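Just below is one structure, and these are the notes that go with it.
The values are calculated or read from the model by the stated rules, or taken from the named source; none is laboratory data. Here the structure is a predicted model, which means the values were calculated and not measured. Because the Cβ atoms are built from the backbone with ideal geometry, glycine has one as well, and the counts that use them run over all protein chains shown. Calculation scope for accessible area: heavy atoms of the full protein, side chains included, ligands and nucleic acids excluded. Shrake-Rupley method; radii C 1.70, N 1.55, O 1.52, S 1.80 Å.
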Amino acid sequence: MNHIINLLTNHPLKKLVFLLFVASSTLAQTREDSVVIRKIYNETLTNGQGYEWLRYLCKQVGPRLSGSEGAKKAVVYTQQLMQQQGFDRVFLQDVKVPHWVRGKKEEAYIHVGKQKINVPIAALGGSIATSVKGVEAEVIEVKSFQQLRELGKEKVKGKIVFFNRPMDPTKLNTFEAYGGAVEQRANGASEAGNLGAVGSIVRSVSTVQDDFPHTGSMRYATGAPLIPTAAISTNAANLLSNKLKENPTLTFFFRQNCETLPDADSHNVVGEIKGSEFPDEIIVVGGHLDSWDLAEGAHDDGAGCVQSIEVLRVLKAIGYKPKRTIRAVMFMNEENGLRGGIKYADLAKQNNEKHIAAVESDNGGFTPKGFGVVGRPDQKAKIQTWKELLAPYSLHEIGPGGGGADIGPLAQSGTVLFGYKPDSQRYFDVHHAPNDNFENVNKRELDLGSASMAAIIYLLDKYGI
């Protein structure tokens, strides 16, 4: 083939004709891709099913923390849903998951003299319970681990440590702000316990001032004393901080009834359309099926799950026959263990499956902005050539960013990872909070996200990576 091209391009006139031919072919291909992507958006925005699927998942199934009855119902629902869509194969992958339960609702108050001011808290996932009588002690407020360590055991022992570092409001990327504050939630109890604290309270990791406590996963460091820990709403955190300035010897009381049960049996749910030319090359699109127990898990991550199923439905609806096998995966246990993502990657390796790309939606169902990409420079360069096709749909942020927690384990086998990026400004209003409900999801935004994911899946399938 190279010999023929050399013959054709040795003569200047022939070279010009050849270049015109290549340009014409490229233009025709671009037009064809534009037509298909337009069909994807038209189908999704006209006949989108994701919003009603999400309504059922939120209202009829509800909270879906790993090991819970809600998680079991979600597995059954999404399996049946994908079977109803007529996908070529729908199957379950067995996975053992952590089983932490909150128990009876938490209680907390600020105790100043004879006054008791009730405040909203939520036990952090993985925390131990307090005693039946609860915990009450004086409070040490800190903004960083370094500040806590400088205080030392003498000042911390027997106290409740109050971590009160807010998300940085100057960060335009709210996920960057989240990353700058979340260590308090994840590791604060161990830091405080190592210095003799009897409990820790963490300011909710949120961008808004409200009365909703935002839960999330925490972990105890090896060898660290196990002390109870909870998130406190941002309004209550501000109140506690102000009261401490007025009266540094006030006490704080909280009681929680959580416990960790033995690991439970659960499943990833997988649906696929078989590839017509390269069936052994797999492209994954997915979200995590589990959610925290405080709410319906609408944005986190019911939205990502229904968008992923919608991608396959839309491609079928427009009559597109994929070259490669496309899978929608509902991962279990992203929130407090990542067991589903790890198990999926382990099974892929055991079965010698070749995953060329994986797309995850786990940043909410808001207005699409683009995709973060994890891959080699040449792969990223190829993706950049698609920007012209995606720009009409406001997908301008193609490149910087990560993939997703569930698909992350696939990176070890060379899979290119794509993290769907919606607008992030409202996400932490509801993240891990009691208001992450169906009513806070906009249908058009959700559908636009589904179409955006279907468009990138189409390009990955057609051109490879």
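On a full-extension model of 0.36 nm per residue, what is the gain between Thr260 and Ile342, subtracting their alpha-carbon distance, rounded to one decimal in nm? Provide the component values of the computation, followed by the final result.
Working: separation 82, 0.36 × 82 = 29.52 nm, distance 2.10 nm.
Using 0.36 nm per residue and subtracting the Cα-Cα distance, I get 27.4 nm.
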Phi-based couplings in Hz for the range 35-46 (Karplus 6.51, -1.76, 1.60; Gly and Pro marked x): 5, 5, 5, 4, 4, 4, 5, 4, 5, 5, 6, 8
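Would you mind telling me the share, in percent, of accessible area of the chain contributed by carbon and sulfur at probe 1.4 angstrom?
The computed percentage sits at 53.
Counting helices only, and only those DSSP H runs with n ≥ 4, report the 222 nm mean residue ellipticity of the chain as the sum of -39,500 (n - 2.57) divided by its residues, in deg cm²/dmol to the nearest 500. Display every interim value, and only then the final one.
Values: 14 runs with 173 residues, N = 465.
Helix-only estimate at 222 nm: -11500 deg cm²/dmol.
Say R0 is 51 Å: what FRET efficiency, to the nearest 0.05, do Arg219 and Asn42 get from their beta-carbon distance? Mind showing how you got there, number by number?
Working: r = 46 Å, r/R0 = 0.90.
The calculated FRET efficiency here is 0.65.
Kindly rank 351-362, 51-62 from highest to lowest mean number of other beta carbons found within 10 Å of each residue. Before the final figure, lay out the partial values.
Details: 351-362: 21.8, 51-62: 18.7.
Result, highest mean Cβ count within 10 Å first: 351-362, 51-62.
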The range 390-465 shape via C-alpha gyration tensor axes, a/c threshold 1.5: oblate
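Which order, highest average first, do 457-463, 130-136 follow once you tally other Cβ atoms within 10 Å for each residue and take the mean per peptide?
Numbers: 457-463: 21.7, 130-136: 14.3.
Highest-to-lowest ranking by the protection proxy: 457-463, 130-136.
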Dipole of the chain [Lys/Arg +1, Asp/Glu -1 at C-beta], most positive-end residue of Gly193, Ile326, Leu124: Ile326
For the chain: accessible area per residue (Å², 1.4 Å): 43
Extension gain, Lys143 back to Val76 (0.36 nm per residue minus Cα-Cα distance, nm): 19.7 nm
3J(HN,Hα) from dihedral phi, the range 438-452, Karplus parametrisation 6.51/-1.76/1.60, rounded to Hz, x for glycine, proline: 3, 4, 8, 10, 8, 4, 5, 4, 4, 5, 4, x, 4, 5, 4
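Which FRET efficiency, nearest 0.05, do Glu388 and Asp280 yield, Cβ-Cβ r, R0 35 Å?
Values: r = 31 Å, r/R0 = 0.87.
Computed FRET efficiency for Glu388 and Asp280: 0.70.
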Rounded if a/c under 1.5, otherwise prolate or oblate - the range 294-386, Cα gyration tensor axes: rounded
Ranked by how many other beta carbons lie within 10 Å on average, peptides 98-104, 66-72 from highest: 66-72, 98-104
Cα centroid separation - the range 341-394 against the range 59-129, whole Å: 28
Degrees between helix 145-156 axis and first principal axis of the chain (Cα, 0 to 90, nearest 10): 20
